[in-house]
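See structure below.
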Amino acid sequence: MKMHWVLLTLTVVAELLQVRGLDLVFPSVIRRESDCRLQGPDVEQIPTNISISTTYLEVKQTQVRVLPGGVLFRLERLQKVSILQNEMLEIIDAYAFSSLPRLSSLFVSENVALKKIGEFAFSDLPELTEISITKAKHLRHIERGAFRNIPKLRYLLISNTGLNLFPSLAQIHSSAAEFIFDFHDNSYITEVPPNAFRGLCSQTITEIRLSRNGIERVASDAFNGTRMRRLFLGGNERLSQFSADAFAGPSELVVLDISSTALRSVPGSILGSLRRIIARSTFGLKQFPLFTRLSDAELTYPSHCCTLQYMYHNRSTGHWLCADPKVEQSDPHFFRDHCVNLSSCSPAPDAFNPCEDIMTSGFLRALIWVISVLALLGNTAVLLVLLATRAKLTVPRFLMCHLAFADLCMGVYLVVIATVDMSTRGQYYNYAIDWQTGLGCRVAGFFTVFASELSVFTLTAITLERWHTITHALRLDRKLRLRHACFVMTAGWLFALFAALLPTLGVSSYGKVSICLPMDVDSLLFQIFVVSLLLLNVLAFFCVCACYLSIYLTIRNPSSAPAHADTRVAKRMALLIFTDFLCMAPISFFAISAALKWPFITVTQAKFLLVLFYPINSCCNPFLYAFCTRTFRRDFFLMAARFGVCTTRAQIYRTESSSCQQPAWTSPKSSHVMLYSLVNTLHSIDGKQDF
């Protein structure tokens, strides 16, 4: 009785102050016309004598712990309820908001201590159109039947809660059009159970939003008996299981969002109706099924769009009626199902990922096989002869072993690329993602960068060794020893390994293009890495130029007396090494311009340079410095004779060697022949054969 008089007095005072143009906010209760606002720490329970004429009830920042059932039964005119920021509220009891004939909107938000909503809490509400339950991180349970008989409900929002079980929606029985169910940011929900939406709405549901939950699987029959237009599952990063039977019966789904999930496939039962798919950052979805009506796609990889474009092109050109301009008006259903092309697809194929095979022409396809096979066979033979011969391991021979190994690695890279191209010919777009994001592309990219950098480093070391030997011919104390070469090549290996490993660790990427080169320059760090690598190769070229200029001036200087054999070898080596770097010049130029984002050619055009110039020396080097020399042929047949092969030819070479102490150099273009010839270098100085 006392509480009644207190409330009545406060109401009268508030109305008097309002009439006088004043506005006083009381900490407990404020009433204005048909509004009732319970606010402040003094409110510890919901009063039972709220005016029956109240149309809006707000309970905000109170100390109420329980909203009891039946407390609002009398408020037949109540249209809107807001339960906001009540830090002590723990329970919304059974029947708390039931049987309110005019209630249309209900908001429960930021009640951080809320743990439970009882059964039938929202039941028998004939005019209710909107329910929002948000920001209740401790809400663990919504009892079965909490939502019941809400025939006009059009919007149900449950977000940012601690629920660990999907709420029961089977007794809502809404018949409203344009229904939206919004259930997001509930991180403890791991499954969409069977029949989760059966009984929710008798009409076609406009949207079901299940974004950014903890959903890991969508069970069989999850959408059984549910007709809907749009389904949003984006942001469920652990969602990997989507049952093929999740949709039962004919599907009316036209929009599906599976962005940022771990899904690898799309249920086939929805493919016939789907018009738009959103699959951004869905890295596990690598192959697309056959969509029949899709017109708009937002995807993860450019090759997805290649798949869809190819699919729709074949479909629209496959039926003769599609060429009739009147078919759209005469038979719109046929036109939509058989003639409509994809209107929008992103990310669109770009310069790095065009809709084409790895090798874009038959000429390139044949050329890469020729170069790769020759590189593998030639360099393998060179290594076998070098390592199997009984001649002394000299510094030049040691360096040439490393060069042959680097060229062999380049051959491995080419064979891998050629094999993948052959196996995916005509349909690379179906395999592009698996290839470019898989281990195979990373291994191939590692081989090519490692081989390229080790080859450049070794050729530079060879040039420096020749320069040092010739310019210091009279200083035996400064002669390079094998241990010095070991230190140099250890540094070369470490550098090549470091350069090849960086893209696998996130600095640039081998998966940017189909040929697995580190062409990702999207960030400043990536640009610095790629440009630095290319500039180091250019600097190596200038180093070689400087060394050979110095060698030439030394030879021209009559006061010096370099060994005649070393001079001749240096001249011949110059031809091959300059050829190596001149072949790399166009690659370096166009690669640096592309890395600086000023490309002069496309990736398609660059493939021609990369196949013809980039690895050509790996193929040619064994022939230029080995097979074309009499010394290499002699060593080869002597090695073969050990296995009982070519013994007659080997005996001829043994006879020639015994009659001539100094073997002749017979190749006119053999800049590396010193590897295999037992040249009598510096013979006039120390009277010994250097190798």
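Tabulated data
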| quantity | calculated |
| --- | --- |
| Label-point separation, ARG238 to VAL255 (7 Å along Cα→Cβ), nm | 2.8 |
| Label-point separation, THR655 to ASN195 (7 Å along Cα→Cβ), nm | 9.8 |
| Other-chain or far-sequence residues with amide H under 5 Å of LEU139's (modelled H) | GLY162 |
| For LEU89, distant residues with modelled amide H under 5 Å away | ALA113 |
| Cα-based equivalent ellipsoid, the range 98-162: semi-axes from gyration tensor eigenvalues, Å | 21, 13, 9 |
| Using a Förster distance of 56 Å, the FRET efficiency for GLU76-THR437 (Cβ separation, nearest 0.05) | 0.35 |
| Distance violations [Cα-Cα > 30 Å] among LYS80/LYS135; LYS135/LYS512; LYS115/LYS152; LYS137/LYS286; LYS137/LYS512; LYS115/LYS286 | LYS135/LYS512; LYS137/LYS286; LYS137/LYS512; LYS115/LYS286 |
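Just so you know, all these numbers are worked out from the coordinates, no wet-lab data involved. These numbers come from a predicted model, not from an experiment. For neighbour counting, all protein chains shown are included, and Cβ atoms are generated from backbone atoms with ideal geometry for every residue, glycine included.
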